[in-house]
Structures are given as C-alpha cells and as structure tokens.
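Coordinate-derived values only; no laboratory data. Note that the coordinates shown come from a computational prediction; the quantities given were computed from them, not determined experimentally. Methodologically, a virtual Cβ is constructed for each residue, glycine included, from the backbone with ideal geometry; neighbour enumeration extends over all protein chains shown.
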Amino acid sequence: MQIVVLAGGVGGSRFVRGVLAAYPQARVTVVGNTADDITMHGLRICPDLDTMTYALAGAIDPDRGWGLADEGWRVMEELRAHQAEPTWFNLGDRDIATHLLRTQMLAAGHPLSEVTRVLARRWLGADSRVELLPMTDDRVETHVRVADPHSPSGERVVHFQEFWVRLHAEPPVLGVAQVGIERATPAEGVLAALAAADLVLLAPSNPVVSIGPVLGVPGVREAVRSAPAPVVGFSGILSGRPVLGMADKLLPAVGVEVDAAAVGLHYGARSAGGVLDRWVVDSADAASLARLRGSGLAALAHPLLMTTPELTAEFIRAGVAGGPDGDRALAS
Ligand code: GDP
Ligand code: CA
C-alpha cells in the first residue's frame, strides 16, 4: 500500500507517526511544506522538513516541540555576543549541522529534494518506510502583511518566521502571500506519488501556511483532484480553535472562518471542484456534519487529539473507513 500525506511540521509529523502506526505495511510519501523556509546567518533552514525528519527519527525535543533533543546553544550564544541579527531565531548546535550540510549541498547545485533525501537517510535509515519530499525545489516563502502603527503606511510585510517567532502572531493580519509560488514546480516525485497512491491524506496541519502552500504549487492541487486514490482530510481546528499554532490568526485573512466545517469547505469536495472525498472533524464539532454533508462533502466526527501515535492511528483508520451514516469505506 502506498500512502501520500500532505503535511506541515509539528502537527504534520504527529499525524505521519499515526499513519505509520495505522498501516504497518504501507510505504508513506510525505509531501512537506517548504514555504516556512528562510535563510539566516547564511544558512538555509527548512523548519517543516526538519521537524518531520527529527520527529520521525524520535530525535525531536519533546518539550520544545521543535529542534533536536540533547541540544547545545554555544553557536547562538556566540552570535548574540556579536549582536548578529536575527537574534530572535534559535538554532541549536546539532541542528546547525543539518543547515550547514543543506546550505553546502544547495550551493553545489543539488536540488532541495536530493538534499532532503540525504538528510532523511541519516536520520531515518536507508530502509525507512517514509519518503520525505519537499513540495517544490523552488524557493517559495510565506510573507504576512501585518498592521504596524510605527510604519508610515500603517502596515508592514514580514516573513512568516518573523511573524510567528519574533512577533508571536500578535499584530493584526491583513494578508498572507506565498511569494514565488506561481513560478514553482512540484519537486520530482510529487506528482508521480499522487498518481500511484492507494490513499491520499491531508494532515491536520495549518490550512493557510502548511497545506495551503503544498496545494498551491501549480500542478499539485490538480494532481490531488485527479488522483485515483481516495482523499481524506483531517481538521486541525477543534471547537473553533487550533490545537496549537496560529491558524486562528491567519484563516480570517484568507476569508475562512476559524471553524472545522469552514476549513473542510475551503478545501472542498472533489465532486465540487475541491480536493477532498471526506473531511474528518473532532467529535466536539459533530454538529457541523449536517452543514458539511449538505454542501456535498462526506464527513465524519471522531476524537482528533493526536495524544499518542496509537490514538492518532485509530482516528486515521476510522476516517478512512467512513461513518455509520452509510458513508462508504474509501480504502482498505
Ligand atoms: P507547523 O508547521 O509546525 O505549524 O505544524 P503543522 O502546520 O503541521 O500543524 C499545525 C496544526 O496542527 C495546527 O493548526 C494545529 O491545530 C494542528 N494540530 C496540532 N495538534 C493537533 C492535534 O492533536 N489534533 C489535531 N486534529 N490537530 C492538531
Ligand atoms: Ca510550519
């Protein structure tokens, strides 16, 4: 069985661990978001790809939720002593080795997909069931337009990382753009994986800055739409709130309510020009099933907290199997 998962970082990697537990025989291709990527201190950093790799390797710091466990901060201390900007973004000493290798390989002309493969092999081993692909080898960056009373225009555009890490998603959001996306092409393997998949899953990742950019790479949305496999999506919005992160600040800026059903309808049913065959919401949002089904999107409610890979596996299997409302099973 071949499964393709579209995913971001922290939420995405928890979900993929659940997919691996749910389908112990399957091979899983993860199409990862790269629109969070940024260059700092001369290093190319891919937060979502690295979070995915470290988490699947069991090497992520469990308390911080990002970066490596057993990390040191000597390089950062030294950079701060130089007052080298940006000082608001932390990079651990061991993590920096990843960025050094990536930056060096990119400079030598290797595409990001190849760099990602090399890094994944080190962390996951050559016989891993997971293949991690960046959504594109091209440079795409999420920029956020925020209100800024100190600027003459009353607003300012910042990189997503600055919005999230430095500004803590506090300023009002006026707009979100994925810079460079219209010129991007899917990384090698992405379209082929979607065409060959037995099952396509949308992780409960951030709809605006994780899943949005993946689907936004020209050709990817069309490939999901025309995939022979069933496509099932899972909500990261529970009871009108994201479980973690800042999706609640970003969804209104793209005209979507902070609501599980609204996000499902934003992705849309394949039968109505969207990408989904079924949308899975949390049990707390079961009242929205009627709205979803009334709009032609098959939907199911199930507890969606990714507390452990086993609980995550349970809701993934349930979502794929379908509901008691006569909704058919989409894959086995
Ligand atoms: P990031 O790239 O590190 O921000 O991570 P993702 O975009 O992959 O995931 C962030 C999203 O995952 C957020 O919008 C969360 O609401 C969602 N999320 C996090 N934990 C859970 C969980 O336990 N259950 C569900 N359903 N969603 C979650
Ligand atoms: Ca991210």
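Here is how the numbers come out for the structure above:
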item	result
Efficiency of FRET between Ala97 and Arg139 - r from beta-carbon atoms, R0 35 angstrom, step 0.05	0.95
Neighbour net charge for Leu304 - beta-carbon separation under 12 angstrom, K R +1, D E -1	-2
Shape parameters for the chain, alpha-carbon atoms, Rg then Dmax in Å	19.3, 64
Two-site FRET efficiency, Trp73 against Arg221, from Cβ-Cβ distance with R₀ of 25 Å, rounded to 0.05	0.05
Burial order of peptide ranges 118-127, 171-180, 245-254, 47-56 (average beta-carbon count within 10 Å, highest first)	47-56, 245-254, 171-180, 118-127
Peptide ranges 75-88, 279-292 listed from the most packed, as the mean C-beta count within 10 angstrom indicates	279-292, 75-88
Segment Ala192-Ser271, length gained on full extension (0.36 nm per residue, minus Cα span)	26.2 nm
Axial C-alpha extent at least 30 Å, average Kyte-Doolittle at least -1.0 - helices from the chain (DSSP)	none
Value of relative contact order over the chain, rounded to a whole percent, pairs C-alpha under 8 Å and six or more apart	18 percent
Contour excess over end-to-end distance, with Cα ends at Ala290 and Thr307 and 0.36 nm allotted per residue	3.4 nm
Label-point gap, in nm, between Gln25 and Glu85 - each point 7 angstrom along Cα→Cβ	5.7 nm
Rg over Rh, two decimals, segment 183-321 (C-alpha only, Kirkwood Rh)	0.95
Under 12 Å, Cβ to Cβ, from Arg102 - net charge with Lys/Arg +1 and Asp/Glu -1	-1
Viscosity 0.890 mPa s, temperature 25 °C, Stokes-Einstein D of segment 29-69 from Kirkwood C-alpha radius, µm²/s	226 µm²/s
Lys, Arg +1 and Asp, Glu -1 on Cβ, resulting dipole of the chain about Cα centre, debye, nearest 20	580 debye
Taking segment 60-136 and dividing mean pair separation by its residue count, relative contact order in percent (alpha carbons under 8 Å, at least six apart)	21 percent
q = 0.12, 0.16, 0.19, 0.20 Å⁻¹: log10 I(q)/I(0) that the Debye formula gives for segment 36-134, counting C-alpha atoms only	-0.39, -0.69, -0.95, -1.04
Loop-resident sites, segment 165-248, for GluC sites (Glu not before Pro), counting at most 10 other Cβ within 10 Å (DSSP)	none
